[in-house]
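Participant: Have a look at this one.
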Amino acid sequence: MTLYIDGKSIEPRPGMTLRELIQELGMDSAKLSTRPLAAKIAGEVFNLNYIPVREKDADPERPSIRRAMAASAGQVRLLRYSDSAGKEVYTRTAQFVIFLALHRLWPNAKAKMNCTLGSGLFIAVNACEDFSATQLKEEMQRIVAENIPLQRHRVLTETAMELFRKNGNDDKSRLLSWRKEPYFDQYDFEDYCDYFYGELAPSTGYLKVWDVFPSEGGFIFAFPNDAAPDKVARYQEMPRYFRVFSEGERWGQLMECETVADLNELVDNGKIRELIRVNEALHEKRYSQVADEICRRNAQAVMLAGPSSSGKTTSANRLATQLRVHGKKPILMSLDDYYIDRDEIAPGPDGKIDFEHINTIDTKLFGEHLQMLLNGKEVEIPYFNFKMGKRQWLGHRIRLHPDSVIIVEGLHALNPVLLPPDMAANRVFRLYVSPLLPLNLDDHNRIPTSYLRLLRRIVRDYESRGTSVQRTMEMWSSVQRGEKKWIFPFQENADMFFNSSTLYELAVLKKHIFPLLTEVAPEDECYDEVRAIVKVLNFVQDADVDDEIPPTSLVREFIGGNTFYR
């Protein structure tokens, strides 16, 4: 059959890999920015070691065609670092190299994927007194130079569990005990084996752009620069973010829920109800602490920001309740009401409007209104009609009283352009809300914080707005680009962080989201992204405990039943 690889046609010989075909077409590259890392065929991501036409497929007596090739009619799209799926392939390849190097140098060390810090990834290392980031980097460089082929091998799940137990990886063995399939695909080399829940590059030699440097309790792996992948990104420390994430990990330890296997056991034995109560109590205590600090500083305005589906609206309302305990009279405002009329926003070079851009907000008007309110004047607040795409004036007038506190909620609330330059710093309190989920699949596989936000958004958009999974997924990449540009750069400016994740919600969200995900067909553009979500949720036990979740819970903002929306 004829293949069309990024539009170039070629007749593959039986047994040739995609990598060999790419090289024959002259499409390989030494530069990460242009080098293919994997391929997408019929909505699925494939390793470049994939063989489109096997020897047996060419047997004239029993001709056949591989499922993916038949479904795609020979169309193959190459994935590079600039593609989100390509970047994930590169990241998983880095994980293999990192943990193989650690295994070679310190076989008894306990290493754990922790969290992403901007352009870096923090990995904790325990039970290893002589750990050295310099030695680790040198060993990783040797592994890259060895150009070790990365091939998956299928084994029985029971066999994999036993092997992981023998190697001291009880976290992996416990996770696999919840796997329904009788087999398991793993990567192995020498006496090391592991799995990273997705495709890797063809070999370790593809890991060309990276760096490693020491950090307290472990090390930082620095990624390539997103804008210029042939260079390592400049790493900037994020002490406030890291401190809050670490606090979330301590919550996990307190509630004995640090991995998906822990969560499943709590669902299985019914103790998830206690987990919900404790988690909600911790949230309430944290809101109380935020209110205490606002009152201690005598701030008159709270600028509350956070990325999509972080729980900003519920957080604003719960914070308002806590401020009332202090005798304050909170006034809620939304930056959404200061959107510019849709027909006045110029589209970008691609012809589309970037709704995440700060220029979609009338920052001048908002700044004037905030200044007038803090100066004791009465102001008429606009209302943005999303159905009409226009701002309306409905006579909503407000004036601050001596005990009033304005709570302004919105994606851009921490952007300094919103505040008049001469405004006294002590009059404004900056709060950043984000679900920094500390729950891992296992020690070597974390669940990204953006993953939880995506699940929340899929459920909420379907339940409250009738939006399909396909449409939500279609918008998600644009949402993330906007967050990287307009939200994340300002998060360290916050006076306080609030971790809006709950350890129990994956088990709750699964019940709501799984039927929606199974409706996505292979021909849908988002099919592979949905498969990646399903791969994780397949390990999660769903919990029918909605009755235990309070009506003011952050989780209620997404699954419904939140009393702040009535």
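The values are calculated or read from the model by the stated rules, or taken from the named source; none is laboratory data. Everything numeric in this text was worked out from a predicted model, so none of it was measured. Here the Cβ positions follow ideal geometry from the backbone for every residue, glycine too, while neighbour counts run over all protein chains shown. Please note that ligands, DNA and RNA were not included when accessible areas were found on the heavy atoms of the full protein model with its side chains. Shrake-Rupley method; radii C 1.70, N 1.55, O 1.52, S 1.80 Å.
Participant: I want to confirm something. Restricting to the stretch 385-424 and keeping residues that are touching a Ser or Thr at 6+ places or on another chain (Cβ under 7 Å) and not acidic (Asp, Glu), which single residue is farthest from Arg296 (Cα to Cα)? Explain how you work it out, then say what you get.
Facilitator: The initial filter retains those residues of the stretch 385-424 that are touching a Ser or Thr at 6+ places or on another chain (Cβ under 7 Å), namely 409-410, 417-418.
Restricting the remaining residues to those that are not acidic (Asp, Glu) gives 410, 417-418.
On the way: Gly410: 24, Val417: 26, Leu418: 24 Å.
My answer is Val417.
Participant: Restricting the search to the stretch 354-388, which residues are of a type in the set (A, V, I, L, M, F, W, C) and either open to solvent by 40 Å² or more (accessible area, probe 1.4 Å) or over 27 Å from Val405 (Cβ atoms) (or both)?
Facilitator: Phe355, Met372, Phe386, Met388 - these are the residues of the stretch 354-388 that are of a type in the set (A, V, I, L, M, F, W, C) and either open to solvent by 40 Å² or more (accessible area, probe 1.4 Å) or over 27 Å from Val405 (Cβ atoms) (or both).
Participant: Which ones in the stretch 353-409 are β-branched (Val, Ile, Thr), under 35 Å from the mean Cα position of the chain (by Cα) and assigned to a strand (DSSP E or B)?
Facilitator: Ile361, Ile381, Val405, Ile406, Ile407, Val408
Quick grid of which residues meet (1) in contact (Cβ under 8 Å) with a residue 24 or more places away in the chain; (2) out of contact with any helix residue (DSSP H, G or I) (no Cβ under 8 Å at 6 or more places or on another chain):
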{"residue": "Tyr241", "(1), (2)": "yes, no"}
{"residue": "Glu256", "(1), (2)": "no, no"}
{"residue": "Gly270", "(1), (2)": "no, yes"}
{"residue": "Glu280", "(1), (2)": "yes, yes"}
{"residue": "Lys285", "(1), (2)": "no, yes"}
{"residue": "Ala291", "(1), (2)": "yes, no"}
{"residue": "Arg296", "(1), (2)": "no, yes"}
{"residue": "Ala301", "(1), (2)": "yes, no"}
{"residue": "Leu304", "(1), (2)": "yes, no"}
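Participant: OK, next. Only residues in the stretch 496-522 that are over 15 Å from Val540 (Cβ atoms) count as the first member; pair them with residues that are modelled with pLDDT of 95 or more and charged (D, E, K, R), Cβ under 7 angstrom, at least 6 apart or cross-chain, and list the lot.
Facilitator: Qualifying pairs under 7 Å: Met496/Glu293; Phe498/Arg286.
Participant: Report, ordered by the first and then the second residue, all pairs with beta carbons closer than 7 Å, sequence separation of six or more or different chains, a first member in the stretch 138-154 that is under 15 Å from Arg92 (Cα atoms), and a second member that is open to solvent by 20 Å² or more (accessible area, probe 1.4 Å) and assigned to a strand (DSSP E or B).
Facilitator: What qualifies is Ile148/Phe189; Arg152/Asp185.
Participant: Another question, if that's okay. Which of the residues spanning the stretch 503-550 are among the small types (Gly, Ala, Ser) and at pLDDT below 90? Walk me through it before giving the result.
Facilitator: The first filter runs over the stretch 503-550 and keeps only residues among the small types (Gly, Ala, Ser), leaving 507, 521, 532, 543.
The answer is Ala521, Ala532.
Participant: Now for a different question. Can we say Lys485 is open to solvent by 60 Å² or more (accessible area, probe 1.4 Å) and free of Cβ contacts under 8 Å to residues at least 60 places away in the same chain? Before you say what the answer is, go through the steps one by one.
Facilitator: Values: open to solvent by 60 Å² or more (accessible area, probe 1.4 Å): yes; free of Cβ contacts under 8 Å to residues at least 60 places away in the same chain: no.
So Lys485 fails the test.
Participant: While we're looking at this one, here's another question. Scan the stretch 310-352 for residues that are surrounded by 15 or more Cβ atoms within 10 Å (Cβ to Cβ) and touching a Pro at 6+ places or on another chain (Cβ under 8 Å) and report the count.
Facilitator: Total meeting the criteria: 7.
Participant: Considering only the stretch 129-158, how many residues are at pLDDT 95 or above, open to solvent by less than 30 Å² (accessible area, probe 1.4 Å) and part of a helix (DSSP H, G or I)?
Facilitator: Adding up the residues that qualify gives 6.
Participant: Any idea how many residues of the stretch 420-457 are part of a loop (DSSP other than H, G, I, E, B), more than 19 Å from Met238 (Cα to Cα) and not small (Gly, Ala, Ser)?
Facilitator: Qualifying residue count, the stretch 420-457: 8.
Participant: Residue by residue through the stretch 65-87, note down the ones that are under 21 Å from Ser477 (Cα atoms) and open to solvent by 20 Å² or more (accessible area, probe 1.4 Å). Steps first, please.
Facilitator: Here is the first cut: in the stretch 65-87, the residues under 21 Å from Ser477 (Cα atoms) are 77-87.
Residues satisfying the conditions are Arg77, Arg80, Ser82, Asp83, Ser84, Lys87.
Participant: Another question about this same structure. Filtering the stretch 89-104 down to residues that are aliphatic (A, V, I, L, M) and in contact with a Ser or Thr (Cβ under 9 Å, 6 or more places away or on another chain), which residue is nearest to Val212 (Cα to Cα)?
Facilitator: Val97
Participant: Out of curiosity, is Glu463 part of a loop (DSSP other than H, G, I, E, B) and at pLDDT below 90?
Facilitator: No; evaluated as a whole, the condition is false for this residue.
Participant: Would a scan of the stretch 105-119 turn up a residue that is modelled with pLDDT of 95 or more and either at positive phi or open to solvent by 50 Å² or more (accessible area, probe 1.4 Å) (or both)?
Facilitator: yes
Participant: Condition (residue is more than 24 Å from the chain's Cα centre (by Cα), over 21 Å from Pro448 (Cα atoms), at pLDDT 90 or above and assigned to a helix (DSSP H, G or I)) applied to the stretch 92-101: is it met by at least one residue?
Facilitator: Yes, the stretch 92-101 has at least one match.
Participant: In the stretch 162-183, what residues are surrounded by 14 or more Cβ atoms within 10 Å (Cβ to Cβ) and under 28 Å from Ala38 (Cβ atoms)?
Facilitator: The answer is Leu163, Phe164, Asn167, Asn169, Asp171, Lys172, Leu175, Leu176, Trp178, Arg179.
Participant: Within the stretch 160-183, identify whether any single residue is touching a strand residue (DSSP E or B) at 6+ places or on another chain (Cβ under 9 Å) and in a strand (DSSP E or B), and answer yes or no.
Facilitator: Checked against the condition, which is being touching a strand residue (DSSP E or B) at 6+ places or on another chain (Cβ under 9 Å) and in a strand (DSSP E or B), the stretch 160-183 yields at least one hit.
Participant: Here's a check for you: in the stretch 184-224, which residue that is open to solvent by 50 Å² or more (accessible area, probe 1.4 Å) and either hydrophobic (A, V, I, L, M, F, W, C) or in a loop (DSSP other than H, G, I, E, B) (or both) is nearest to Gln23 (Cα to Cα)? Reasoning before the result, please.
Facilitator: Kept after step one, since they are open to solvent by 50 Å² or more (accessible area, probe 1.4 Å), are these residues of the stretch 184-224: 188-191, 208, 213-214, 216.
Checking the rest, the ones that are also either hydrophobic (A, V, I, L, M, F, W, C) or in a loop (DSSP other than H, G, I, E, B) (or both) come to 189-191, 208, 213, 216.
Numbers: Phe189: 25, Glu190: 28, Asp191: 31, Lys208: 18, Phe213: 34, Glu216: 43 Å.
Here the residue is Lys208.
Participant: Related question: What pairs come out if I take residues in the stretch 1-12 that are without any contact (Cβ under 8 Å) to a residue 24 or more places away in the chain and surrounded by 14 or more Cβ atoms within 10 Å (Cβ to Cβ) and pair them with residues that are in a loop (DSSP other than H, G, I, E, B) and of a type in the set (Ser, Thr, Tyr) whose C-beta lies under 8 Å away, six or more apart or interchain?
Facilitator: Going by the 8 Å Cβ cut-off, the qualifying pairs are Ile10/Thr2.
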